[in-house]
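One structure below.
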Amino acid sequence: MYELSVEGGFAAAHFLREYEGKCENLHGHNWHVEVRLQSEGLDRLGMVMDFKEIKALVGEVLEKFDHRCLNELDEFKKANPTTENCARIIYAELASRLTGGIKVSRVTCWESPMCGASYWQ
């Protein structure tokens, strides 16, 4: 099994509904995202996938979050835009775009250098 890792990020604001504390107020983060992909095989060039392609794909997915209030996105109309939910949504979006036996193994979102959450299946 092979596993690749790429990183990306976005800047966004959010607030947590029904949270008792400062995070119930609108605030922002510079989110850091790590995506891990896995495959049992390599292509004819000896790669799981070209890093250039992976970075472009991750960039496309993260673009919808960048410089937005996450609460305004359809995905967060009911669910709170927590770090956990961001990781899950990014995972699902990437998984739906991958083919050829390449799978998302894990997505980790960091809302600060000290606080992050991962999602995998």
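Points worth noting:
- Maximal additional length on extending the residue 7-residue 64 stretch stands at 18.9 nm, based on 0.36 nm per residue less the C-alpha distance.
- Neighbour cut-off at most 16 other Cβ (10 Å), DSSP loop, GluC sites (Glu not before Pro), the stretch 18-87: 18, 20, 40
- Using a Förster distance of 35 Å, the FRET efficiency for residue 19-residue 99 (Cβ separation, nearest 0.05): 0.35
- When the listed pairs 52/78; 22/103; 64/103 are checked against a 30 Å cut-off, the alpha-carbon distance exceeds it for 52/78; 22/103.
- Packing-based ranking of 42-51, 87-96 yields 87-96, 42-51, ordered from highest to lowest mean Cβ neighbour count within 10 Å.
- Reported label for calculated semi-axes √(5λ) of the Cα gyration tensor in Å given [x] 29, 12, 12; [y] 39, 20, 8; [z] 22, 19, 16: [x]
Here, each number is a calculation from the coordinates, and none is a lab measurement. Keep in mind the model is a prediction, meaning the values are calculated, not measured. All Cβ positions, glycine included, derive from the backbone under ideal geometry; neighbour counts span all protein chains shown.
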